[in-house]
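Readers should treat all values here as calculations from the given coordinates under stated rules, not as data from a laboratory. A quick note: this is a predicted structure, and the numbers were derived from the prediction, not measured. Here the Cβ positions follow ideal geometry from the backbone for every residue, glycine too, while neighbour counts run over all protein chains shown.
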Amino acid sequence: MKEIKHNSLYAWILASRPKTLTASATPIIIGSALAYMNGKFNWKPALACLLFASLMQIAANLINDLIDFLKGIDSKDRIGPERTVAQGWLSARAIKTGIGITLIMACLIGCTLILYGGWQLIFIGVICVLFAFLYTGGPYSLSYHGWGDLLVIVFFGFVPVGGTYYVQALDYTIDTFIASLVCGLVIDTMLVVNNYRDRDTDSESGKRTIIVRFGERFGSRLYFSLGVIAVLLCSWFATEGHWFAAILPLLYLLPHYFTWREMIKIHNGAALNKIFAENSRNMLLMGFLLSVGFILG
């Protein structure tokens, strides 16, 4: 890797972890496509949701970068993508400032959604900010005690898909619930890959993810099952007459299967980073397929 200057723009780009941002875009795309299917699409709140979700994820990535370093989880020997504070590319003071600025920007954009969804959205925004810190910070770090997968399903499924649909349609339907769960399960595959790769170092540092608790074989089966269950859930849309939304997601299973097989073959080590990139592509594909299914429906 080329030399990275201290507190440089490139260091900030690495800290934001742009490859993970498909996880914030996918739920917004799905929620907006669902609104379009029901004749409720409004690009202005949809764009605000996308910006809010992206900024919140960047803030969470910066928080994780800092807190994992402070707790000694990340070091220069990290298997996964390098963390900027641990590598000395960003100072702790600089990243704290970056976290504050990113959260302020997210909250300002989020406040515009009040015009579309009402003042109750402030509560959801506060919860999002709070759990961005509680995920790795606080006296009881949720991700360190195996709650990460549930939080992903909630904050990358139910909150963004349901919220995006609500600010456009001012409604919440069973279709919205199923789409939110499908999205959350698919995006959780990203966390599973991350925890599968880091299972040995997590175990040594006392980070008790569910893969550390139940083992490598459980982790590989969990990864495959999440994708399959998500696709099977899409069959619900056929009962509503939305056949494209039920059939098109089946195309996701092929790349999901091949990525799963490759993950098992690599098994451990830094080579699993390529699986992370493949999985990001698969998540976006699933979001695209389901969204096109809604639009055609």
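Residues are listed down the side, and each one gets a yes or a no for (1) of a type in the set (A, V, I, L, M); (2) more than 20 Å from A169 (Cα to Cα):
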| position | (1), (2) |
| --- | --- |
| P18 | no, yes |
| A33 | yes, no |
| N64 | no, yes |
| G117 | no, no |
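Hey, can you tell me all the residues within the range 260-287 that are surrounded by fewer than 18 Cβ atoms within 10 Å (Cβ to Cβ), over 18 Å from D198 (Cβ atoms) and either in contact with a helix residue (DSSP H, G or I) (Cβ under 7 Å, 6 or more places away or on another chain) or in contact (Cβ under 8 Å) with a residue 24 or more places away in the chain (or both)?
R281, L284
For the subset of the range 27-39 comprising residues that are under 17 Å from F177 (Cβ atoms) and in contact with a Phe, Trp or Tyr (Cβ under 8 Å, 6 or more places away or on another chain), which member is surrounded by the fewest Cβ atoms within 10 Å (Cβ to Cβ)?
Ranking the qualifying residues of the range 27-39, first place goes to M37.
Considering each of A169, A238 in turn, give the residue that is aliphatic (A, V, I, L, M), touching a helix residue (DSSP H, G or I) at 6+ places or on another chain (Cβ under 6 Å), surrounded by fewer than 17 Cβ atoms within 10 Å (Cβ to Cβ) and more than 18 Å from H256 (Cβ to Cβ).
A238
Given the condition more than 20 Å from G148 (Cα to Cα) and free of Cβ contacts under 8 Å to residues at least 40 places away in the same chain, answer yes or no: does some residue in the range 27-45 qualify? Reasoning before the result, please.
Our first condition is that a residue be more than 20 Å from G148 (Cα to Cα); within the range 27-45, this holds for 28-45.
Subset that is free of Cβ contacts under 8 Å to residues at least 40 places away in the same chain: 39, 43.
Yes, some residue in the range 27-45 is more than 20 Å from G148 (Cα to Cα) and free of Cβ contacts under 8 Å to residues at least 40 places away in the same chain.
Is it the case that S141 is under 17 Å from the mean Cα position of the chain (by Cα), of a type in the set (S, T, Y), crowded, with 19+ Cβ neighbours inside 10 Å and over 19 Å from F218 (Cβ atoms)?
no
So that you can scan it fast, the table gives a plain yes or no per residue for (1) in contact (Cβ under 8 Å) with a residue 12 or more places away in the chain; (2) within 24 Å of K274 (Cα to Cα):
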residue: G162; (1), (2): yes, no
residue: V193; (1), (2): yes, yes
residue: V228; (1), (2): yes, yes
residue: F237; (1), (2): yes, no
residue: A245; (1), (2): yes, no
residue: Y252; (1), (2): yes, yes
residue: F258; (1), (2): no, yes
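Considering every residue within the range 183-199, establish whether at least one is touching a helix residue (DSSP H, G or I) at 6+ places or on another chain (Cβ under 6 Å) and basic (K, R).
Among the residues of the range 183-199, at least one is touching a helix residue (DSSP H, G or I) at 6+ places or on another chain (Cβ under 6 Å) and basic (K, R), which makes the answer yes.
Report, by residue number, each residue of the range 118-155 that is part of a helix (DSSP H, G or I) and not hydrophobic (A, V, I, L, M, F, W, C). Break it down stepwise before answering.
Here is the first cut: in the range 118-155, the residues part of a helix (DSSP H, G or I) are 121-134, 143-145, 148-155.
Within the range 118-155, G125, S143, Y144, H145, G148, D149 meet the criteria.
Kindly check whether there is at least one residue in the range 55-75 that is over 24 Å from L142 (Cβ atoms) and surrounded by 21 or more Cβ atoms within 10 Å (Cβ to Cβ). Lay out the reasoning, then the answer.
Our first condition is that a residue be over 24 Å from L142 (Cβ atoms); within the range 55-75, this holds for none.
Within the range 55-75, none of the residues are over 24 Å from L142 (Cβ atoms) and surrounded by 21 or more Cβ atoms within 10 Å (Cβ to Cβ).
More than 21 Å from T26 (Cβ to Cβ) and surrounded by 16 or more Cβ atoms within 10 Å (Cβ to Cβ), is that true of S220?
Judged against the criteria, S220 is a match.
Among the residues of the range 95-102, is any out of contact with any Cys (no Cβ under 9 Å at 6 or more places or on another chain), surrounded by fewer than 19 Cβ atoms within 10 Å (Cβ to Cβ) and within 30 Å of A271 (Cα to Cα)?
Checking the range 95-102: not a single residue is out of contact with any Cys (no Cβ under 9 Å at 6 or more places or on another chain), surrounded by fewer than 19 Cβ atoms within 10 Å (Cβ to Cβ) and within 30 Å of A271 (Cα to Cα).
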